[in-house]
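The values are calculated or read from the model by the stated rules, or taken from the named source; none is laboratory data. Source: prediction; values computed, not measured. So basically every Cβ, Gly included, is an ideal-geometry build from the backbone, and we count neighbours across all protein chains shown. Only protein heavy atoms, including side chains, enter the accessible area calculation; ligands, DNA and RNA are left aside. Shrake-Rupley method; radii C 1.70, N 1.55, O 1.52, S 1.80 Å.
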Amino acid sequence: MLSGRELALGIVGAWRLVRADRSAMLCFDLSPHGFWRSFWLILLLAPLQALLVAINLTELGIDPIPAQAVLLEAGIYVLDWLLLPAVLSEIALRRGRIPQFASFTIAYNYAQVLLGALWLTVIALSSLLSPGGAAFLQLGALGLSLFYQYRIARIAFELERPLAAMVVLLSLALSLTLQYVNASLLQPFIPGGT
């Protein structure tokens, strides 16, 4: 489990990355041990994810929420955390960039704390806005999220602009694919779904 100090430093590092502060990397434990420990954030952020999923499933009209839907969402959550590092690890291995890949993954994992808070805020504010206003807010948040990922790829992975953009596009493609699979598998649970 992560210590409170390690978690706090990781969040400070993630915030410094928002501001493009290259000293942000000093906040993270960049050792192999720190790499694996950063994945504890999957468990620490699971309650936030559960809240976001509950809101989404309620909006889809799935009530009560069946155990199969909960297991599906849990599986998608874990895949969402692990898929990008798994793909990038192979690329980094072939390119001889394992230390940079490890730094990127650590920073990316801690960044999920800030991104989770952003999306929770966006969902809360979206409920107060018109559908058009909510869509605009969500699109803006998506743009900020992608730019933040780009910044992490530039600083932590030490990638040139085109390669950093490709990492962001890969992340987006994987995320959209998982969302599509998730939506397809949820169809039987949606009232009137097939």
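I'm trying to understand the selection: among the residues of segment 181-194, which are open to solvent by less than 40 Å² (accessible area, probe 1.4 Å) and either in contact with a His (Cβ under 8 Å, 6 or more places away or on another chain) or part of a loop (DSSP other than H, G, I, E, B) (or both)? Lay out the reasoning, then the answer.
Pass one, segment 181-194, residues open to solvent by less than 40 Å² (accessible area, probe 1.4 Å): 182, 186, 190, 193.
Those that are open to solvent by less than 40 Å² (accessible area, probe 1.4 Å) and either in contact with a His (Cβ under 8 Å, 6 or more places away or on another chain) or part of a loop (DSSP other than H, G, I, E, B) (or both): ILE190, GLY193.
Is it the case that LEU178 is in a helix (DSSP H, G or I), within 14 Å of the chain's Cα centre (by Cα) and more than 21 Å from LEU79 (Cα to Cα)?
No; evaluated as a whole, the condition is false for this residue.
Any residue in segment 9-25 that is closer than 16 Å to VAL113 by Cα and modelled with pLDDT of 95 or more sitting within a Cβ distance under 7 Å of a residue that is aromatic (Phe, Trp, Tyr) and surrounded by fewer than 22 Cβ atoms within 10 Å (Cβ to Cβ)? List the pairs, counting only those 6 or more apart or interchain.
Hits for this filter: VAL18/TYR148.
Are any residues in segment 1-27 more than 17 Å from LEU144 (Cα to Cα) and either within 19 Å of the chain's Cα centre (by Cα) or open to solvent by less than 40 Å² (accessible area, probe 1.4 Å) (or both), and if so, which ones?
Result: LEU2, GLU6, LEU7, ALA8, LEU9, GLY10, ILE11, VAL12, GLY13, ALA24, MET25, CYS27.
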